[in-house]
Amino acid sequence: MKQLQVGLEERAYPILIKEGLLSEIGQELKQRQIAKRYIIIADDQVAELFGGHVVESLRNVDIPVDLLTFPHGEGSKNLSTVAKLTSSLAQLGVDRQDALIALGGGVTGDITGFLAAIYMRGISFVQVPTTLLAQVDSSVGGKTGVDIPEGKNLVGCFYQPKCVFIDSAVLKELPAEELLNGLAEVVKYGVIYDGDFFNFLVAHQKNILRLEPAVIEAVVAHCCTIKAQVVVADEREADLRRILNYGHTLGHAVEAASDFTIAHGMAVSIGMVAVNTIAVKKSLLSPEKAQRIKDVLQGFGLPVEIPADLDRRQMKEFLKTDKKSVGGKPFFVLPVQIGKVIISDDVEDIMIEEALA
Ligand code: GLY
């Protein structure tokens, strides 16, 4: 088992990574004594796939456990789902001695973290991410929240889990598209933080796509190590943590303009390639390095071009209203080499238009 630590002092927590960990969660929770009783929160699909496994693992060591579900999909990530779940928790008599288990992808992690933060003014929760994207990104760092009609993730808070349990074996159950979604974030870490890791990804592309256990575990552990370092340095995204948004500013505009038919990871892949053209135009990044990044994304089978039918004007509007824009000015994470980025809001409109073209 690989064990990492998110060193946030009194809110520090471990990340455990092991193939088959899902069936050992009960023992791990018993040892760690986080709570007396657990409520698993999962969407209907994940509950069907893995819920029984986790319930059994807790029951095997005599930990009381219940399972609550909600309909799968981003459409459930709203205040109404949270309200329904708060009522279910109250009806089950859940109190502050108890804890939640977020079993699923990013939507489940975000909803459950938020629910844990507000129920009885805060109860403990643990993350059990079951998608690659959630394993390498959203389950670590304590971002929780839901969407409202006015925008994604506009309501939420920073609230750290007590532990993250990552079972790499669950990735074999994912549809190919879901794996690709996560791979875009994996490449992101190489570009923003670690050129050697980027080279590792290039060298092991086939092994990663074949989900070879040792390579996948190494990749997930490395991404979590980087994420943990960034979060420890800047938990509330005042400065360094913003580098995790590489490709996301333009990516969010692509996602929104496609009416969310383009998944997050795919949009981030397109966004990384698009923002690299700005970095090249500003003479920050060489065209050869931009091409290497594009090649690795394409090698994984990720999209790298903004679909021709997306409305460019609408995307520019989305950039202005992006929740991370300040005074209508979006910021961009621009690579200066593979493994190092800068953050800039000094990008002329013409460059943005060229990137969108
Ligand atoms: N997913 C970006 C962050 O956690 O800051």
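The values are calculated or read from the model by the stated rules, or taken from the named source; none is laboratory data. Keep in mind the model is a prediction, meaning the values are calculated, not measured. Backbone-built Cβ (ideal geometry, glycine too); neighbour counts: all protein chains shown. Remember, those area values only see protein heavy atoms, side chains included, never the ligands or the DNA or RNA. Shrake-Rupley method; radii C 1.70, N 1.55, O 1.52, S 1.80 Å.
Quick notes on this structure:
- Backbone N under 19 Å from the Glu9 label point (7 Å along Cα→Cβ), restricted to the stretch 121-161: 141-143, 158-161
- Rounded, prolate or oblate (a/c below 1.5 giving rounded, otherwise prolate when a/b exceeds b/c) for the stretch 237-297 by Cα gyration tensor: oblate
- Distance (nanometres) between label positions extended 7 Å along Cα→Cβ at Asp259 and Glu74: 1.3 nm
- Per residue, the convex hull spanned by the alpha carbons of the stretch 138-207 comes to 144 Å³.
- Subtracting the Cα-Cα distance of Lys172 and Asp295 from 0.36 nm times their residue separation leaves 41.8 nm of extension gain.
- The Kirkwood hydrodynamic radius of the stretch 296-343, based on inverse pair distances between different Cα atoms, is 13.2 Å.
- Note on the chain: helix-only mean residue ellipticity at 222 nm, from DSSP H runs of 4+ residues weighted -39500 (n - 2.57) and normalised by residue number, equals -13500 deg cm²/dmol.
- Degrees, to the nearest 10: 176-193 long Cα axis against longest axis of the chain: 70 degrees
- Cα-based Kirkwood hydrodynamic radius, the chain, one decimal, Å: 20.6 Å
- Just so you know, the Rg over Rh for the stretch 78-119 is 0.94, from Cα atoms, with Rh as the Kirkwood radius.
- Cross-link reach is defined here as a Cα-Cα straight distance under 14 Å, omitting same-chain residues fewer than 8 places apart; for Lys77 the aspartates and glutamates meeting it are Asp43, Asp44, Asp110, Asp147, Glu150.
- If you bin all the Cα-Cα distances of the stretch 30-80 at 10 Å, starting from zero, the percentages per bin are 23, 45, 25, 6.
- Amide H contacts under 5 Å for Ile40: Asp66, Leu67, Leu68, Ile101, restricted to partners 5 or more places along the chain or on a different chain, H placed in the peptide plane at 1.01 Å from N.
- Residues with amide H under 5 Å from that of Val336, placed H, sequence gap 5 or more: Val341, Ile342
- Dipole check for the stretch 72-185: with +1 at the C-beta of Lys and Arg, -1 at the C-beta of Asp and Glu, and the Cα centre as origin, the magnitude is about 400 Debye.
- Computed extension length for Met1-Ile350: 120.6 nm, one decimal, from 0.36 nm per residue of separation with the Cα-Cα distance subtracted.
- Solvent-accessible heavy-atom area per residue, rounded to whole Å², over the chain at 1.4 Å: 42 Å²
- Label point at Leu154 placed 7 Å out along Cα→Cβ; residues across the stretch 221-255 whose backbone nitrogen lies under 16 Å: 253
- Pairs from the table (Lys206/Lys227; Lys30/Lys84; Lys294/Lys329; Lys188/Lys316; Lys188/Lys289; Lys188/Lys340) lying more than 21 angstrom apart at Cα are Lys206/Lys227; Lys30/Lys84; Lys294/Lys329; Lys188/Lys316.
- Based on the convex hull around the alpha carbon atoms, the stretch 1-89 presents an average projected area of 7.1 nm².
- Cα gyration tensor, the stretch 191-302 - rounded (a/c under 1.5), prolate or oblate: rounded
- Charge dipole magnitude, Cβ of K and R +1, D and E -1 - the chain, Cα centre, debye nearest 20: 660 debye
- Computed label-point distance, nm, for sites Ser286 and Leu92 using a 7 Å Cα→Cβ extension: 5.6 nm
- Positive-end residue, the chain charge dipole about Cα centroid, Cβ charges, pick of Thr277, Val341, Ala176: Val341
- Neighbour cut-off at most 12 other Cβ (10 Å), DSSP loop, GluC sites (Glu not before Pro), the stretch 91-189: Glu150
- Given +1 at the Cβ of Lys and Arg, -1 at the Cβ of Asp and Glu and no other charges, the dipole of the stretch 196-235 around its Cα centre is 220 debye to the nearest 20.
- Under 5 Å between amide hydrogens, built in the peptide plane, is the criterion, and for Val155 it picks out Val146, Ile148 among residues at least 5 positions away or on other chains.
- Of all lysines in the structure, those lying under 18 Å Cα to Cα from Lys36, and not within fewer than 8 positions of it along the same chain, are Lys162.
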